[in-house]
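No value in this document is a laboratory result; all are computed from the given coordinates. Please read all numbers here as calculations on a predicted model, not as lab measurements. Cβ atoms come from the backbone with ideal geometry, glycine included; neighbour counts cover every protein chain shown.
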Amino acid sequence: MTLTPIPRLEIGLGQATSGTSPCLYRSMICFILQGSKEVAIHDDLLRYDASQYLVSALDLPLSGQIHDADDGSPYVAVSLVLDPALLAEVASRMPAVRDADTPGSGIAINPMTPPLRDTLLRLLALLDTPADIPALAPMAERELLYRLLQGPQGRLLRHIARPEGAIGGIRRAVEWIRDHGNRRLRIEALCEAAGMSRASLHRHFVALTGLSPIQYQKQIRLQEARQLLLAGDRSASDVAYAVGYESASQFSREYLRQFGAPPARDVRKLRQSIREQIIN
């Protein structure tokens, strides 16, 4: 992933993988320019390519697999992290729509349209003229959000823009988990942050993320641990305690189940892969 000078816009590049691997989807829109990708949520396997775009309503730890283009060219994607306040501002200038209380799943795939593709390309073209980004990128982003709100997932996006409702509550619960990831999960505190009863929190959390709150926290901890191991020379046991595990052996077992190799071996493999990509 490469950050661009356009705020919250990133470009991802990768080669095809032989199997699925854990990945963290933020609250974002993802457009594939080349190749395709599969992501798994609940028991569903969703595949999308350049003819579609993906909407993620909140931070979601998922399993994914990328595929090269038919001609062997590498996978290329663009993601725009959503700003709920900006989304709400754009939605407020559109005709009012009465939406159902619950949006269903927190992730959806939709067909790409010519107006949406044109707007995206104009936004990306600003990367060739950086001096124009401060003035023109905000206008292009607003138009992009407007096109998205007009699309089949406008309802999901409007839910993201509203602090009340199921998605608003689960977004607050997810934020609480992310902010307190290295502490024991307290369901009472989570319910208070979300403004929901225990039963309502569990029902909506599973519906939107495909995970229970405890499973979600475990996924987030393991993702963070992998990044810490990759970034420095800390031992697996140090990282285990840093992300909230009370037992280093339990951490190693769960890491192995999640990533397919013990911490040290997995990180060596990742670093070797990065070196090979740099050389190539």
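Sorted from longest to shortest, the spans of the Cα atoms of region 141-280 along the three principal axes equal 45, 43, 20 Å.
Calculated on C-alpha atoms, the gyration radius of the chain divided by its Kirkwood radius gives an Rg/Rh of 0.97.
The orientation-averaged shadow of the Cα convex hull for region 28-161, equal to a quarter of the hull surface, comes to 9.1 nm². Simple rule: put +1 on each Lys or Arg Cβ and -1 on each Asp or Glu Cβ in region 85-235, find the dipole, and look at H159, H204, L121; the Cα lying farthest toward the positive end is H204.
Using every pair of distinct Cα positions in region 213-268, the Kirkwood expression returns a hydrodynamic radius of 10.9 angstrom. The Cα atoms of region 187-251 define a convex hull whose projected area, averaged across directions, is 5.1 nm².
Multiplying the residue separation of A207 and S73 by 0.36 nm and removing their Cα-Cα distance gives an extension gain of 44.7 nm. Computed extension gain for A242 through H180, at 0.36 nm per residue and net of the alpha carbon distance, reaches 21.1 nm.
Taking packing as the residue-averaged number of other Cβ atoms within 10 angstrom, the listed peptides 74-84, 127-137 run from highest to lowest as 74-84, 127-137.
Candidates A16, A194, P111 compared by Cα position along the dipole of the chain: farthest toward the positive end lies A194, with charges placed on Cβ. Computed over the alpha-carbon pairs of region 87-191, the distance histogram in 5 Å steps reads 2, 11, 17, 15, 16, 13, 12, 8, 4, 1, 0 percent, short to long.
For region 1-96, the ratio of Cα radius of gyration to the globular rule of thumb 2.2 N^0.38 Å stands at 1.16.
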